[in-house]
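Heads up, the thing below is written out as structure tokens.
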Amino acid sequence: MYHFLECRLVDHLREFLRRSYNLEDANIVVEQPPKIELGEFALPLAFDLARKLRKSPRKIAEEIVINIGEIPGIDKFEVAGAGYINVRINRAALAAALANDSLPDSDGKKSNSAVPASTGKVLVEHSSINPNKAAHIGHLRNAILGDTFVRLLRFAGREVDVQNYIDNTGAQVADVVVGFVHLERKSMVEIQALAASPRFDYLCWDLYARVATWYAEDKANLQTRLAALHAIEQGNNETAAIAELISIAVLKRHLETMERLDIEYDFLPRESEILHLHFWDAAFTKLKEAGVLTYEPQGKNKGCWVMRRAGTLAGTVKTPASAAAEDGDKAITDMITEEDQKVIVRSNGTVGYVGKDIAYHMWKFGLLGRDFGYRKFFRYPNTHECWISSTDGETEHPHFGDVTEIYNVIDARQSEAQSTVIEALRGLGHNEAADRFTHFSYEMVALTPRCAAELGYTLSEEDKARSWIEVSGRKGFGVKADDLLDALIASAEKEVNSRHLELPGSERSQISTQIAIGALRYFMLKYTKPSVIAFDFKEALSFEGDTGPYAQYAAVRASNIFRKGGLNPDDFCRGSGPGGSESDASRRQGTAVHRVSPDEFDKFLAGDAGNSVWELWLAASQTSQVVSQCVATTEPAYMAKHAFRLAQLFNVFYHRHPILSEPDEKRKRFLLTTAAVVRRELIRVLAVMGISVPAAM
RNA sequence: GCGCCCGUAGCUCAAUUGGAUAGAGCGCAUGGCUACGAACCAUGAGGUUGGGAGUUCGAUUCUCUCCGGGCGCACCA
């Protein structure tokens, strides 16, 4: 709603500036004034124009205010401060539209369709956990960011495919195979039995760390790993079968863990298929033809196919020959030269990780000319089907890949590799694809020294002084995702039991789970992406203040008002989601829907007295605005902020206005409408974050 | 050495992407429940935004520089 008005305002202003000042494509910034009394929009426009027009900002602002003309939904413009133009919108009109969940002047279109629908399918890749050990809190941040971004895109009207890339051919899986076979002396059948155990991934977690220690004890042990790797690559032997068994079992566990958080995937492309279906061969040919890859005949990278490293300019790479010609000291110039090269194909002819990634991303954009085979892999309780890549696929399958826009949720440590892939696409002449390739980069989750100590790790004095310590799967150092979720559920259950012992046990555990998910997802979303999360149980387990449960609680309180009053919130505002259908029905039949008239809105929202409630309404109207902002900046944290602000404003409102005991019927109806609208928006906002609202708290 | 990121209240983080008096949560102090259940609300203390220079009408935000911390720079994935 708010977003719609803002767009209208900007359009009008742009037209006005063109007409009156002959200014094309002026950059029009719209803000919110620092205080609600000053209006709903603030325009610092006059400051920009001051230089161009050689007049004082204040004078320009005054001129604009006089000549701007009428805009539907906007009441007036006024000059403030040194030259701000503050805009006051028609409160009653916005409130009525919001209660009706429609645009001010529209024929019942939903507010979120105000976001311009872009063309083409979007692909979001997230999670991508190596299938050799349990998922940990770092993976949780990735998956929660990715899943929330998917929800944001879908809210904005985009069609999205969710992919989870599985690296099942690397050394990590081989390491666990080595662990089972050489350290544990397990047979294929025994491993099969273990793989069926409920938390097989935990077993692998410990084993993986033990194998790493075993390698460190004696370098000769690394030969065992090499043999395993070769066997896996060759295929058709027991080692390869065990590797497949392990990676599939661990992958299933990852899907289960993520399912606990309402995170689902559409397709699981695996590295094994990238290899077996010869994706690389197709990519290699094109890359050679385009001159992206060049053969290095000498020096350190002799015999390799190399690519210019991302960020280095074309022409700056000196060949050893030219370097030698201008400088006698060949050793030094050689180093400078080769630093700018990234090896894609090794001298033994095998392709490295980045090469496979280039091929994969060509496939994503439909530029490779090859496709995966597809098999059904995992069926979610809601019947949603998750597919996996295979060499020999089913004949009937959905169409994956060939998208127009991609987002890769991968932590910041991979940014150089990501840039290399983008550069390769550019080198191939696919600039439009490269432009729509977004590395959704975020910082890692680390542990506070206190947290590490709680987990029983002994720390060096140096580590104790740090503000955080990086987790390490190789060392088995970290907090497992399922453990954290279990701890959160237990903690929530304690709280629920202390207040709602009257409820049946199944319902209490359902509520506890919802609270735990709310706490966890909110926790991972409230930090902005470039901020390292120093994980601490005390903060992650908190249910008070700036947390998910706080926002959930506000929505529950809103619901409670209607429950206690024997009322249906959908009779006061147009509902969203499954609850909305009855009100649609009742509206069609013309039955009692308790509408607030424009006059009443005017009366209750006007002036100083109405300001604080109006602030709540205004915040409630900004959901689609915030969604656009999140999508445009690839930053879901704004959504968490919005949810918190909405909840906070509602709690103040709730505390200040006893609604059910309100004697004035009209005022009571207005207050109930306020609660109904905020409840609807809170449910909506939390849903975008993957958080549901419990029946009671 | 090169590249990217971070430094804001005691702690953990925001700041509408260059805007008006830098805001929240936690913690601390004080007060508020026969309530639409306090997982809440109210009040208070707490800041030279790491230091310095520059650009600008205006800088936490942009540029440069220094200080401190993190991460990347493999014929690993």
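The values are calculated or read from the model by the stated rules, or taken from the named source; none is laboratory data. Please read these numbers as outputs of a predicted model, since none were measured by experiment. Counting neighbours? That spans all protein chains shown, and the Cβs are built from the backbone with ideal geometry, glycine included. Surface accessibility is based on the protein's heavy atoms, side chains included, excluding ligands, DNA and RNA. Shrake-Rupley method; radii C 1.70, N 1.55, O 1.52, S 1.80 Å.
Within region A:28-63, being at positive phi and open to solvent by less than 70 Å² (accessible area, probe 1.4 Å) holds for one residue alone: A:G39.
Contact map, region A:457-486: residues that are touching a residue at least 40 places away in the same chain (Cβ under 8 Å) and more than 16 Å from RNA strand B (Cβ to nearest atom) paired with residues that are open to solvent by 20 Å² or more (accessible area, probe 1.4 Å) and assigned to a loop (DSSP other than H, G, I, E, B), Cβ distance under 8 Å, separation 6+ or inter-chain. Pairs shown: A:D482/A:R199. Condition (residue is among the aliphatic types (A, V, I, L, M), touching a strand residue (DSSP E or B) at 6+ places or on another chain (Cβ under 9 Å), touching a residue at least 60 places away in the same chain (Cβ under 8 Å) and under 17 Å from A:F267 (Cβ atoms)) applied to region A:433-449: is it met by at least one residue? For region A:433-449, residues among the aliphatic types (A, V, I, L, M), touching a strand residue (DSSP E or B) at 6+ places or on another chain (Cβ under 9 Å), touching a residue at least 60 places away in the same chain (Cβ under 8 Å) and under 17 Å from A:F267 (Cβ atoms): absent.
For the subset of region A:508-531 comprising residues that are part of a helix (DSSP H, G or I), of a type in the set (D, E, K, R) and within 12 Å of RNA strand B (Cβ to nearest atom), which member is farthest from A:V445 (Cα to Cα)?
The initial filter retains those residues of region A:508-531 that are part of a helix (DSSP H, G or I), namely A:508-526.
Checking the rest, the ones that are also of a type in the set (D, E, K, R) come to A:508, A:521, A:526.
Those left that are additionally within 12 Å of RNA strand B (Cβ to nearest atom): A:508, A:526.
Numbers: A:R508: 31, A:K526: 13 Å.
Within region A:508-531, the match that is farthest from A:V445 (Cα to Cα) is A:R508.
The lone criterion from (1) open to solvent by less than 60 Å² (accessible area, probe 1.4 Å); (2) within 10 Å of RNA strand B (Cβ to nearest atom) left unmet by A:H642 is number (2).
Of all the criteria given as (1) surrounded by 21 or more Cβ atoms within 10 Å (Cβ to Cβ); (2) modelled with pLDDT under 95; (3) in a helix (DSSP H, G or I), the one not satisfied by A:I332 is (1). Close contacts from region A:533-557, counting a first residue that is closer than 23 Å to A:R684 by Cα and a second that is assigned to a loop (DSSP other than H, G, I, E, B) and open to solvent by less than 20 Å² (accessible area, probe 1.4 Å), with Cβ to Cβ under 6 Å and a gap of 6+ residues or different chains, come to A:G548/A:I691. Only residues that are open to solvent by 10 Å² or more (accessible area, probe 1.4 Å) and either on the phi < 0 side of the Ramachandran plot or in a helix (DSSP H, G or I) (or both) were counted across region A:614-636, and they come to 10. Listed by position, the helices (runs of 4 or more DSSP H) inside region A:171-259 whose residues that are among the small types (G, A, S) and within 12 Å of A:N132 (Cα to Cα) number at least 3 form an empty set. Among residues that are of a type in the set (S, T, Y), near RNA strand B (Cβ under 9 Å from one of its atoms) and more than 17 Å from A:M258 (Cα to Cα), A:S542 is included.
How many of the residues making up region A:56-86 are part of a loop (DSSP other than H, G, I, E, B) and not hydroxyl-bearing (S, T, Y)?
Step one: filter region A:56-86 for residues part of a loop (DSSP other than H, G, I, E, B), giving A:56, A:68-70, A:72-73, A:81-83.
Applying the additional criterion that residues be not hydroxyl-bearing (S, T, Y) yields A:68-70, A:72-73, A:81-83.
The total comes to 8.
Suppose the filter is at pLDDT 90 or above and within 16 Å of RNA strand B (Cβ to nearest atom); does A:L5 pass it? Against the criterion (at pLDDT 90 or above and within 16 Å of RNA strand B (Cβ to nearest atom)), A:L5 qualifies.
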